[in-house]
Amino acid sequence: MAPIGITGRRGFLLATAAAAGAALPGAGAEGAKTGRVLILGVACSPRRGKTTARAVQIALDAARAADPRVDTELIDLGGLKVGGFAKPQPEDDFTPLLAKFKDPAVGGLIIGSPSYFRAPSSLCRAFIERCAPLREPHMVLANKPVGVVAVGGFRNGGQELVISEILTSMLCFGMVPCGGNAPAFQGATVLSKDDDIAEDDLGLDTARKLGARIAAAALRAAGLAATA
């Protein structure tokens, strides 16, 4: 096979760029129809309304502020009874929430977890396992962006490991892992000190950069061009 020349490479790159701007299969049919996308934020701390939920909400606020066509909703799993995977699926507090993730308006996810022993919370693992029905009979979340907000008690408290583990799991749903805008390349890494994140300017900036990137990726996946 002959090597691609300069013109051929340029054509290839232009075609690739055009493809990136088009709606991905299964990612944005509803968004293309309505002109809007919904970003769901899931807070997976057992402590309802605490630092993880607040950090995820900050990322969602940034996603909404990035473009007027982006809607957001926070799902705080704190205090809810959520069992892990089983057949048949258990009936608990997560059962009625599953329908939210099947909504065709959903364009992306932001998942938040505290760092417990440098790993996601057991509630986060249970949440991911309970999303198994979203893979059958077709991959409901395929080609949609997903990002992670991780909150730790130290600056280097395992946040990056939490992000990596969650993003790896979401590959099983066909989702597209996303970090934040530069320099928050991996995602949101937030420091909680004395049960407060308000003073962590660096960490909160990564949460905002993640929210903005997820918004842009969701719009692009839905075939909706970015606004000027």
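The values are calculated or read from the model by the stated rules, or taken from the named source; none is laboratory data. The model shown is predicted, which means the values in this text are computed figures rather than measured ones. Here Cβ is always computed from backbone atoms with ideal geometry, including for glycine, and neighbour counts include all displayed protein chains. For the accessible areas, the whole protein counts, side chains as well, though only heavy atoms, and no ligand, DNA or RNA atoms are used. Shrake-Rupley method; radii C 1.70, N 1.55, O 1.52, S 1.80 Å.
Kindly evaluate LEU109 against the criterion of being under 23 Å from ALA188 (Cα atoms), in a strand (DSSP E or B) and at pLDDT 95 or above. Before you say what the answer is, go through the steps one by one.
Working: under 23 Å from ALA188 (Cα atoms): yes; in a strand (DSSP E or B): yes; at pLDDT 95 or above: yes.
In short, yes.
Kindly provide the set of residues from region 190-216 that are open to solvent by 10 Å² or more (accessible area, probe 1.4 Å) and either touching a Gly at 6+ places or on another chain (Cβ under 6 Å) or touching a residue at least 40 places away in the same chain (Cβ under 8 Å) (or both), ordered by number.
Once the filter is applied, which keeps residues that are open to solvent by 10 Å² or more (accessible area, probe 1.4 Å) and either touching a Gly at 6+ places or on another chain (Cβ under 6 Å) or touching a residue at least 40 places away in the same chain (Cβ under 8 Å) (or both), region 190-216 yields LEU191, SER192, LYS193, ASP195, ASP196, LEU204, THR206, ARG208, LYS209, ALA212, ARG213, ALA216.
Regarding PRO96, is this residue open to solvent by 10 Å² or more (accessible area, probe 1.4 Å), touching a Lys or Arg at 6+ places or on another chain (Cβ under 9 Å) and over 22 Å from ILE163 (Cα atoms)?
Working: open to solvent by 10 Å² or more (accessible area, probe 1.4 Å): yes; touching a Lys or Arg at 6+ places or on another chain (Cβ under 9 Å): no; over 22 Å from ILE163 (Cα atoms): yes.
Against the criterion (open to solvent by 10 Å² or more (accessible area, probe 1.4 Å), touching a Lys or Arg at 6+ places or on another chain (Cβ under 9 Å) and over 22 Å from ILE163 (Cα atoms)), PRO96 does not qualify.
Just one of LEU219, LEU191, LEU171 is modelled with pLDDT of 95 or more, among the aliphatic types (A, V, I, L, M) and in contact with a Leu (Cβ under 9 Å, 6 or more places away or on another chain); which is it?
Working: LEU219 fails: in contact with a Leu (Cβ under 9 Å, 6 or more places away or on another chain); LEU171 fails: in contact with a Leu (Cβ under 9 Å, 6 or more places away or on another chain).
Answer to the selection: LEU191.
Kindly indicate the residue of region 101-133 that is basic (Lys, Arg) and in contact (Cβ under 8 Å) with a residue 40 or more places away in the chain and also nearest to GLY152 (Cα to Cα) among those meeting that condition.
Restricting attention to region 101-133, the residues satisfying the condition of being basic (Lys, Arg) are 102, 118, 125, 130.
With in contact (Cβ under 8 Å) with a residue 40 or more places away in the chain added as a condition, the list becomes 118, 125, 130.
Working: ARG118: 8, ARG125: 17, ARG130: 24 Å.
Filtering region 101-133 for residues that are basic (Lys, Arg) and in contact (Cβ under 8 Å) with a residue 40 or more places away in the chain, the one nearest to GLY152 (Cα to Cα) comes out as ARG118.
Kindly check whether there is at least one residue in region 65-88 that is open to solvent by 30 Å² or more (accessible area, probe 1.4 Å), in contact with a helix residue (DSSP H, G or I) (Cβ under 9 Å, 6 or more places away or on another chain) and assigned to a helix (DSSP H, G or I).
yes
Would you mind telling me which numbered condition in (1) within 28 Å of LEU191 (Cα to Cα); (2) open to solvent by 70 Å² or more (accessible area, probe 1.4 Å) ARG135 fails?
With (1) within 28 Å of LEU191 (Cα to Cα); (2) open to solvent by 70 Å² or more (accessible area, probe 1.4 Å) applied to ARG135, the lone miss is (1).
What are the residue pairs meeting all of these: first residue in region 138-156, first residue in contact (Cβ under 8 Å) with a residue 60 or more places away in the chain and surrounded by fewer than 24 Cβ atoms within 10 Å (Cβ to Cβ), second residue of a type in the set (Ser, Thr, Tyr) and part of a loop (DSSP other than H, G, I, E, B), Cβ atoms under 7 Å, and 6 or more apart or on different chains?
From residues that are in contact (Cβ under 8 Å) with a residue 60 or more places away in the chain and surrounded by fewer than 24 Cβ atoms within 10 Å (Cβ to Cβ), there are no pairs.
Check PHE185 against each of (1) hydrophobic (A, V, I, L, M, F, W, C); (2) touching a helix residue (DSSP H, G or I) at 6+ places or on another chain (Cβ under 8 Å); (3) free of Cβ contacts under 8 Å to residues at least 24 places away in the same chain and name the one condition it does not meet.
(2)
Within the set of pairs 6 or more residues apart or between chains, which connect a residue that is under 12 Å from ILE214 (Cβ atoms) inside region 62-91 to a residue that is small (Gly, Ala, Ser) and in a loop (DSSP other than H, G, I, E, B) with Cβ atoms less than 8 Å apart?
Listed pairs, sorted by first residue: ASP67/ALA226.
Tell me the residue from PHE154, PHE173, PHE185 that is among the aromatic types (Phe, Trp, Tyr) and within 22 Å of ASP67 (Cα to Cα), please. Give the steps one after another, and end with the answer.
Numbers: PHE154 fails: within 22 Å of ASP67 (Cα to Cα); PHE173 fails: within 22 Å of ASP67 (Cα to Cα).
That would be PHE185, the only listed residue that is among the aromatic types (Phe, Trp, Tyr) and within 22 Å of ASP67 (Cα to Cα).
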